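Student: Sharing a structure with you now.
The values are calculated or read from the model by the stated rules, or taken from the named source; none is laboratory data. Predicted, not measured: the structure shown is a model, and the values here were computed from it. No Cβ is skipped: glycine too gets one built from the backbone with ideal geometry, and neighbour counts run over all protein chains shown. Surface areas here come from the heavy atoms of the whole protein model, side chains and all, with no ligands, DNA or RNA. Shrake-Rupley method; radii C 1.70, N 1.55, O 1.52, S 1.80 Å.
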Amino acid sequence: MSLFLTIYITLFCLLCTYASINNAVSTVDSLVACLHRKQVLNYTTSSSSTSFNAVLDFSLQNLRFTEAGVSKPGAIILPSTVKEVQRAWACVRDGGWALRVRNGGHSYEGLSSTASTPFVIIDLMNMHAITVNVAKKFVWVESGVRLGELYYAVASASSNLLGLSAGTCATIGISGHVMGGGYGMLSRKYGVAADNLLEAQVITANRTLIKKVSTSDPELFWALRGGGGGAWGIVVAWKLKLVSVPSTVTTFNVWRTGKQAVADLVFKWQSVAPAAAPELFIAIYMAGISSGGVADMGASFYGQNWGTIDQTMALFNSIYPELGLTASNCKQGNWIQAVASIAGLAEPAALLNRQQASRGYFKAKSDYVSKALTKQALAGAYDIMMNNTRGWMIFEPYGGVMSKIRSDEIAFPHRGGNLFVIQYQATWADDTDSPDNELIAWLRGLYSYMAPLVTYTPSRSMYVNYIDLEVGDSVSAGKSYFGSNFAKLVKIKARFDPSNIFNQPQSVPVSM
């Protein structure tokens, strides 16, 4: 038996008006005329209109890229069908515009919403149909789908028996997530989202639709699974494997303070979390705090375990008694309730919200660690962190099935030998809260301190979904993001898109 669930939400049906944009009015006029000839009527071009700014900002998750001086597109086109995408892409390419394809807008460097040359955004937010096949355990999703609505659809269609291995933030778009790998709470059990990709549909530079990439172009299919966004055409739909989830999941969150206490707990965590059963996921959020006006460290040990609260407490008492987990730190429910809880939402229905409730300004970096950090090394990092209460680190464990998949199985390379991945962020509330360069300089200092402590393959290993333009150009960055898989990705790119039509500053290049 197959159960199909299709979700449609009407978004941004715009009045098709346009106005002069700097000195490019003739080019915009030509683009608009082309769109009308091809019956693509849902777009906006006026930088002074309410609709333009509302659409532009709707999916921009990093508010650094809403500031004055940041480049804006000549137009934003919002197709609802594959045919409309093909027609819109014809107008964009024939008009000589650079292209940005946007899904969830979570690029840490705003790369789906900005460019250094005149550009147009094709925003796929209106293409968000979800079709769940419970009997065969797969789901087809259009590229405008956010993770939260996908999780909700899968849980609803399967009566909470099936789930999906992907990230924890509900408003992330599925496309960029899969193309970067897609790590989350089920990855130690089932691999990253890209490991569970079964099929994709891609529009090429010449506007051809490849309906079955896995068989039509196996090399491209390999690249799509973790080879980074912006390089591999316009993906309009994905087919993903669904996985079994238990009837009971316990989420937990334990807050601890004190520089030495946190260092002791994190040191022990390094031998516990990566080696634990794959049904257990323990992450750590760490930040400098002020305690009574005195600088200190705080850490949240959070995650989920398959089983009841009693079973979870028994497990922690066996493998990690130092943490002191209690029933009051835990919440028991089904898988979709756990997804909502980890995402910081009050109930599963909130997963359907397509815009993040709160957004801010931030700069991020990443690392992988393959050799446990000493207590002294941790203390040194905490000394830096205690100088700033607007920055943090997250450690997420690897191990489990992640250690059993070959590093070249798909384009996503980060496998055996990695104990955990680190995400660093400096954050601020608004553009007057503190000078951007002051907080970013702090982040660079922490990142520099960590340099001799992290993994190199041989370049410093980084996660492409935490993209960082400070790494360098597409070659330097590619070596860090993709390791030994980078050379193969370049060869595939040179064959699939030799003119580098699909690109962003750190997308896979056509040559090294």
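Student: Going by amide H atoms built from the backbone, whose H comes under 5 Å of the H on MET462, apart from near neighbours?
Tutor: Residues meeting the amide H criterion: TYR481.
Student: Hand me the tally of lysine pairs in the range 361-512: alpha carbons under 23 angstrom apart, and the pair either on different chains or 8 or more positions apart.
Tutor: Taking the range 361-512 as the scope, the lysine pair count is 10.
Student: Using only the Cα atoms of the range 344-421, build the gyration tensor, take square roots of its eigenvalues as a ≥ b ≥ c, and label the shape rounded, prolate or oblate: rounded if a/c is under 1.5, else prolate if a/b is larger than b/c, else oblate.
Tutor: Working: a/c = 2.32, a/b = 1.11, b/c = 2.09.
Oblate shape, in that a/c is at least 1.5 and b/c is the bigger or equal ratio.
Student: Within straight cross-link reach of LYS239, meaning Cα distance under 17 Å, which lysines are found once same-chain residues fewer than 8 apart are removed?
Tutor: Excluding near neighbours in sequence, the set is LYS136, LYS137, LYS211, LYS212.
Student: For the range 455-507, which whole-number percentage of the solvent-accessible area (1.4 Å probe, protein heavy atoms only) is attributable to carbon and sulfur atoms?
Tutor: 54 percent
Student: Any idea what the dipole of the range 462-511 comes to, in debye rounded to 20, about its Cα centre with Lys/Arg Cβ at +1 and Asp/Glu Cβ at -1?
Tutor: Roughly 320 debye for the range 462-511.
Student: Related question: Arrange the peptides 407-415, 327-335 so that the one whose residues have, on average, the most other Cβ atoms within 10 Å appears first.
Tutor: Order by mean packing, descending: 407-415, 327-335.
Student: Right, something else. Apply the Debye scattering formula to the chain, with a single equal point scatterer on each alpha-carbon and no solvent, then give log10 I(q)/I(0) at q = 0.05, 0.07, 0.11 Å⁻¹.
Tutor: With one equal scatterer per Cα and no solvent, log10 I(q)/I(0) is -0.19, -0.37, -0.95.
Student: Quick one: check the C-alpha center-to-center distance for the range 81-144 versus the range 302-342, whole angstrom.
Tutor: A separation of 38 Å, based on Cα centres.
Student: Using +1 at the Cβ of each Lys and Arg and -1 at the Cβ of each Asp and Glu in the chain, identify which of GLY445, VAL490, GLY303 lies farthest towards the dipole's positive end.
Tutor: It is VAL490.
Student: Okay, moving on. Which distance in nm do the two modelled labels at LYS136 and GLN260 give, with both placed 7 Å along the Cα-to-Cβ direction?
Tutor: Result: 6.1 nm between the two label points.
Student: Going by alpha carbons, how many degrees (0 to 90, nearest 10) lie between the helix axis of 25-37 and the longest principal axis of the chain?
Tutor: It works out to around 80 degrees.
Student: Helix 259-272 versus the longest principal axis of the chain: what angle, 0 to 90°, nearest 10, using Cα atoms?
Tutor: Taking Cα atoms only, the helix is inclined about 80 degrees.
Student: What residues qualify as long-range amide H neighbours of SER107, i.e. H under 5 Å apart, gap of 5 or more or another chain, H built at 1.01 Å from N?
Tutor: For SER107, the qualifying residues are SER112.
Student: Which is farthest toward the positive dipole end of the chain among LEU60, TRP428, HIS36, measuring Cα position about the Cα centre, with Cβ charges +1 (Lys, Arg) and -1 (Asp, Glu)?
Tutor: HIS36
Student: Using protein chains only and a probe of 1.4 angstrom, how many square angstrom of SER291 are accessible, to the nearest 10?
Tutor: The accessible area comes out at roughly 60 Å².
Student: Same structure again: Roughly how many percent of the accessible protein surface of the range 386-443 is carbon and sulfur, given a 1.4 Å probe and a whole-percent answer?
Tutor: 46 percent
Student: So for the pair ASP310, LYS38, with labels modelled 7 Å out along Cα→Cβ, what separation do we get in nm?
Tutor: 6.3 nm
Student: So how compact is the range 207-339: Cα radius of gyration and Dmax in angstrom?
Tutor: Just the Cα atoms of the range 207-339 yield Rg and Dmax of 20.8, 63 Å.
Student: In percent, what relative contact order does the range 250-376 have, based on Cα pairs under 8 Å that are 6 or more apart in sequence?
Tutor: Numbers: 150 pairs, mean separation 38.7, N = 127.
Contact order relative to length: 31 percent.
Student: Just the number please: accessible area per residue for the chain, 1.4 Å probe, all protein chains included, in Å².
Tutor: Numbers: 19260 Å² over 512 residues.
Counting only protein heavy atoms, the per-residue value for the chain is 38 Å².
Student: In whole Å, what is the distance between the alpha-carbon centres of the range 358-432 and the range 169-235?
Tutor: Going from one Cα centre to the other spans 23 Å.
Student: In the range 97-197, with Lys and Arg counted as +1 and Asp and Glu as -1 at Cβ, which of these residues, THR171, PHE119, ALA155, has the Cα nearest the positive end of the dipole, that is, farthest along it?
Tutor: ALA155
Student: Out of the total accessible area of the range 23-98 (probe 1.4 Å, heavy atoms of protein only), what percent is carbon and sulfur?
Tutor: In the range 23-98, the share of accessible area belonging to carbon and sulfur is 49 percent.
Student: Specify the angular offset, from 0 to 90 degrees and rounded to the nearest 10, of the alpha carbon long axis of helix 309-319 from the longest principal axis of the alpha carbons in the chain.
Tutor: 70 degrees
Student: Related question: In debye, nearest 20, what is the charge dipole magnitude of the range 303-421 about its Cα centre with +1 on Lys and Arg Cβ and -1 on Asp and Glu Cβ, if you could check?
Tutor: So the dipole magnitude of the range 303-421 works out to roughly 360 debye.
Student: Right, next: Could you state, as a whole-number percent, how many of the C-alpha pairs of the range 223-300 are farther apart than 16 Å?
Tutor: Pairs farther apart than 16 Å: 69 percent.
Student: How high is the relative contact order of the chain, in percent, with contacts defined as C-alpha pairs under 8 Å that are six or more residues apart?
Tutor: Rounded, it is 14 percent for the chain.
Student: Can you tell me the length gained on complete extension of the stretch SER116 to ALA54, counting 0.36 nm per residue apart and subtracting the Cα distance? Intermediate values should be presented prior to the final figure.
Tutor: Values: separation 62, 0.36 × 62 = 22.32 nm, distance 2.16 nm.
20.2 nm is the gain from fully extending SER116 to ALA54.
Student: I need the peptides 337-345, 215-223 ranked by packing, meaning the mean over residues of other C-beta atoms within 10 angstrom, with the highest value on top. Let's see the in-between values first.
Tutor: On the way: 337-345: 20.9, 215-223: 17.7.
Order by mean packing, descending: 337-345, 215-223.
Student: Report, ordered by chain and residue number, the lysines lying within cross-link reach of LYS38, taken as a straight Cα distance under 21 Å and ignoring same-chain residues fewer than 8 apart.
Tutor: LYS83
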